[in-house]
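The structure appears right after this line, and notes come after that.
The values are calculated or read from the model by the stated rules, or taken from the named source; none is laboratory data. Since the model is a prediction, treat every value here as computed from it, not as a measurement. Virtual Cβ from ideal backbone geometry, glycine too; neighbours counted across all protein chains shown. Calculation scope for accessible area: heavy atoms of the full protein, side chains included, ligands and nucleic acids excluded. Shrake-Rupley method; radii C 1.70, N 1.55, O 1.52, S 1.80 Å.
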Amino acid sequence: MRNFTMVCKGVYRSSFPKRKSFSFLKKLKLKSILTLILEEYPEQNQKFLNENNIKLFQFGVAGNKDLMDIPEQAMYEALSVILDKRNLPLLIHCNKGKHRTGCLVGCTRKIQHWSYTSIFEEYRRFSHPKSRTMDQQFIELFELRNVVADPRYLPDWPEVGVVSFFLVCLLNAWEFVV
């Protein structure tokens, strides 16, 4: 499986999982797969998910080689899935595990308080040799204050800064109710 790595505790990234990688994925004991492809999930992959009691979260983001218009709402919803420890361990993927996955991981890194230098270095490492400036700009301009997550189920990541993120989530929930 190309571009596979652990992003953080309970979160992995990769290219599109093929049948030959299913035995490896079983060892990860995944609870969820989060895919960023538009197309219908293949039958053999659906069967693998069903047989292994893995939940599929699909947020369709077009894979465009030119200027990519990343739907922010899909990224907010995908981050809410990642930030719910009930969904972990989780695998994030698109087709090649480069650009769409890189944008979502980059936004996760912002939540983890990574510097832009570190976020973009990681993005370029996985997207090389075709890094996209527009993807990096998307990550930089992405508004974390619009991410909604239930503070009771935030992952046990020391980098998240539970107190500050809790306040953001609480404010977002309050605005949503009002």
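Assorted remarks:
- Mean accessible surface per residue for the chain, computed with a 1.4 Å probe while every protein chain stays in place, in Å²: 56
- Cα gyration tensor shape of the chain, rounded if a/c is under 1.5, else prolate or oblate by comparing a/b with b/c: oblate
- Förster radius 41 Å - calculated FRET efficiency between residue 153 and residue 26, Cβ distance, rounded to 0.05: 0.95
- Just the protein heavy atoms count here, and of the accessible area of the chain at 1.4 Å, carbon and sulfur take up 54 percent.
- Rounded Å value of the spacing that divides the Cα centres of region 105-137 and region 1-74: 19
- Inter-site label distance for residue 73 and residue 43 at 7 Å from Cα along Cβ, in nm: 3.2
- Listed pairs 47/110; 47/130; 55/96; 29/130 exceeding 28 Å between Cα atoms: 47/110; 47/130; 29/130
- Between residue 55 and residue 140, residue separation times 0.36 nm minus the direct Cα-Cα distance comes to 27.6 nm.
- Loop sites in region 98-133: trypsin sites (Lys or Arg not before Pro), DSSP, at most 14 other Cβ within 10 Å: 130
- Using θ = phi - 60° and Karplus 6.51 cos²θ - 1.76 cosθ + 1.60, couplings along region 108-118 (whole Hz; Gly, Pro as x): 4, 5, 4, 4, 7, 6, 6, 6, 4, 4, 5
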